[in-house]
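The values are calculated or read from the model by the stated rules, or taken from the named source; none is laboratory data. Because the structure is predicted, anything quoted here is derived from the model rather than measured. FYI the Cβ positions are ideal-geometry reconstructions off the backbone, even for glycines, and counts take in every protein chain you see.
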């Protein structure tokens, strides 16, 4: 689960990390009051969406002179006007794709004098199963280009959970960032606070970009992105309360409410599979035969008829889906349960695209009988390769 920048800044503040003072605005009429509560003389107006690259993004139907989702203003009135221009409009960045995201919240914060822009992140390193730090002197909006073109400018190391974090780790980051004097001590303190927050709040990712050295020589977290482990949210009630469902794909949101593992993709063949490994293999073989999967969907080993029905509804709600492949290998999952769910869903929502079903394993004969006696226009397949070829042929003609 991700949260907005202004929410991340509040969390940083709770742990004692240095951030600018700011106010979130949900209605344009509140912008002037919010900006007036800040000192100035610079006010930074930031669109709040769950995507990076806001500064270099652009609004759809942008007026002359407007640029980006992050703007510097020099008066309360100007800050309020820029807020009004952003709210309710669609911001397109390299991370949103061409569809963009609607801006429903704007963050106004005090401007900062910037001497240096640095990069700092904490993440879960899946190779070492440890929390890792990533740091670079090349902070700012083009960190992706740094990673691609000059990876030697990025340093990374992990923390051994047995010995835990020490001041050494903070000094290592400070020296990698070229900090000196009092900044080294500030960095050691900041690293300790960020690590504590990362572990206590069950984070998956914490990115400070940029971490700046101000014109007064102090460190400050100028921007922040945070991602949290969805499996741990049951013990992070206050974090769960920060969830903004308007930022999530409606299909993925619906799937989460039925405990379905669903990720929307850009292809034309909808997939319903049991087991993550089999789902990945199904996506791969669809690509092998010349088409693209429209989703990843693992209904799990304990799916009920109701869950399968909802999964089918989610797939068919995607207008890009031109065909559906149901691929079930029944181990824990029973083929007859899948068949009942498919039949129930088709009868409820209708079937407007070709449907190929491959069943194998527990209660496979019962499952095939349910499908065959349903009267539905279902194409049966003998194995995974046969199923993939048949649905691609139906979709591609």
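So how many residues does the range 269-291 have that are assigned to a loop (DSSP other than H, G, I, E, B) and either buried (at least 20 other Cβ atoms within 10 Å of the Cβ) or at pLDDT below 90 (or both)?
Looking only at that region, the number is 3.
Condition check: modelled with pLDDT of 95 or more and either surrounded by fewer than 20 Cβ atoms within 10 Å (Cβ to Cβ) or farther than 15 Å from residue 135 by Cβ (or both). Does residue 196 satisfy that?
yes
Of all residues in the range 316-350, how many are over 12 Å from residue 273 (Cα atoms) and part of a strand (DSSP E or B)?
Residues that pass the stated criteria total 1.
Count, please, the residues in the range 308-323 that happen to be closer than 21 Å to residue 360 by Cα and in contact with a helix residue (DSSP H, G or I) (Cβ under 6 Å, 6 or more places away or on another chain). Quick ask: steps written out before the conclusion?
Applying the first criterion (closer than 21 Å to residue 360 by Cα) to the range 308-323 yields 308-309, 311-312, 323.
Narrowing the set further to residues that are in contact with a helix residue (DSSP H, G or I) (Cβ under 6 Å, 6 or more places away or on another chain) leaves 308-309, 312, 323.
Qualifying residue count, the range 308-323: 4.
Just name the residue that is surrounded by the fewest Cβ atoms within 10 Å (Cβ to Cβ) out of those in the range 100-123 that are assigned to a loop (DSSP other than H, G, I, E, B) and in contact with a strand residue (DSSP E or B) (Cβ under 8 Å, 6 or more places away or on another chain).
Taking the range 100-123 as the starting set, the residues that turn out to be assigned to a loop (DSSP other than H, G, I, E, B) are 100, 103-105, 111-113.
Now drop any that are not in contact with a strand residue (DSSP E or B) (Cβ under 8 Å, 6 or more places away or on another chain), which leaves 100, 103, 105, 111-113.
On the way: 100: 18, 103: 21, 105: 21, 111: 16, 112: 17, 113: 11.
That would be 113.
From the list 356, 326, 395, which residue is under 22 Å from residue 288 (Cα atoms), touching a strand residue (DSSP E or B) at 6+ places or on another chain (Cβ under 6 Å) and touching a residue at least 60 places away in the same chain (Cβ under 8 Å)? Give the steps one after another, and end with the answer.
Values: 356 fails: touching a residue at least 60 places away in the same chain (Cβ under 8 Å); 326 fails: touching a residue at least 60 places away in the same chain (Cβ under 8 Å).
Exactly one of 356, 326, 395 is under 22 Å from residue 288 (Cα atoms), touching a strand residue (DSSP E or B) at 6+ places or on another chain (Cβ under 6 Å) and touching a residue at least 60 places away in the same chain (Cβ under 8 Å), namely 395.
Identify the residue in the range 231-242 that is in contact (Cβ under 8 Å) with a residue 60 or more places away in the chain and surrounded by fewer than 16 Cβ atoms within 10 Å (Cβ to Cβ) and, among all such residues, is nearest to residue 198 (Cα to Cα). Can you show your working first?
Going through the range 231-242, the residues in contact (Cβ under 8 Å) with a residue 60 or more places away in the chain turn out to be 233, 239-240, 242.
Pick out the ones that are also surrounded by fewer than 16 Cβ atoms within 10 Å (Cβ to Cβ) and you get 233, 240.
Working: 233: 14, 240: 15 Å.
Only one residue tops the list, namely 233.
Which residues, taken from the range 359-392, are touching a residue at least 60 places away in the same chain (Cβ under 8 Å) and out of contact with any helix residue (DSSP H, G or I) (no Cβ under 7 Å at 6 or more places or on another chain)?
Filtering the range 359-392 for residues touching a residue at least 60 places away in the same chain (Cβ under 8 Å) gives 384-385, 387-389, 391-392.
Across the range 359-392, the qualifying residues are 387, 389, 391.
Please determine whether any residue of the range 199-216 is out of contact with any helix residue (DSSP H, G or I) (no Cβ under 9 Å at 6 or more places or on another chain) and either farther than 25 Å from residue 173 by Cβ or in a helix (DSSP H, G or I) (or both).
yes
Is one or more of the residues making up the range 69-86 surrounded by fewer than 19 Cβ atoms within 10 Å (Cβ to Cβ), touching a strand residue (DSSP E or B) at 6+ places or on another chain (Cβ under 7 Å) and assigned to a loop (DSSP other than H, G, I, E, B)?
no
Any residue in the range 151-166 that is modelled with pLDDT under 90, loosely packed, with under 14 Cβ neighbours inside 10 Å and closer than 27 Å to residue 295 by Cα?
No, that holds for no residue.
Would you say residue 218 is out of contact with any strand residue (DSSP E or B) (no Cβ under 8 Å at 6 or more places or on another chain) and not assigned by TED's automatic domain parsing to the domain that holds residue 172?
no
Can you name every residue in the range 142-195 that is touching a helix residue (DSSP H, G or I) at 6+ places or on another chain (Cβ under 6 Å), closer than 29 Å to residue 56 by Cα and in a helix (DSSP H, G or I)?
146, 153, 173, 174, 187, 191
Report, by residue number, each residue of the range 370-385 that is exposed (fewer than 14 other Cβ atoms within 10 Å of the Cβ) and in contact with a strand residue (DSSP E or B) (Cβ under 9 Å, 6 or more places away or on another chain).
Step one: filter the range 370-385 for residues exposed (fewer than 14 other Cβ atoms within 10 Å of the Cβ), giving 372-373, 375, 377, 382-383, 385.
Scanning the range 370-385 gives 372, 377, 382, 383.
Conditions tested, residue by residue: (1) closer than 19 Å to residue 16 by Cβ; (2) in contact with a strand residue (DSSP E or B) (Cβ under 7 Å, 6 or more places away or on another chain); (3) in contact (Cβ under 8 Å) with a residue 60 or more places away in the chain.
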position: 125; (1), (2), (3): no, yes, no
position: 139; (1), (2), (3): no, yes, yes
position: 173; (1), (2), (3): yes, yes, no
position: 188; (1), (2), (3): yes, no, no
position: 207; (1), (2), (3): yes, yes, yes
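Please tell me if residue 228 is surrounded by 14 or more Cβ atoms within 10 Å (Cβ to Cβ) and at pLDDT 95 or above.
The answer is yes for residue 228.
Looking at the range 292-307, can you tell me whether even one residue there is touching a helix residue (DSSP H, G or I) at 6+ places or on another chain (Cβ under 9 Å), within 20 Å of residue 388 (Cα to Cα), assigned by TED's automatic domain parsing to the domain that holds residue 267 and assigned to a helix (DSSP H, G or I)?
No, the conditions are met nowhere in the range 292-307.
Would you pick out the residues in the range 1-37 that are in a loop (DSSP other than H, G, I, E, B), touching a strand residue (DSSP E or B) at 6+ places or on another chain (Cβ under 7 Å) and within 26 Å of residue 203 (Cβ to Cβ)?
Answer for the range 1-37, where residues must be in a loop (DSSP other than H, G, I, E, B), touching a strand residue (DSSP E or B) at 6+ places or on another chain (Cβ under 7 Å) and within 26 Å of residue 203 (Cβ to Cβ): 1, 3, 17, 18, 19, 20, 21.
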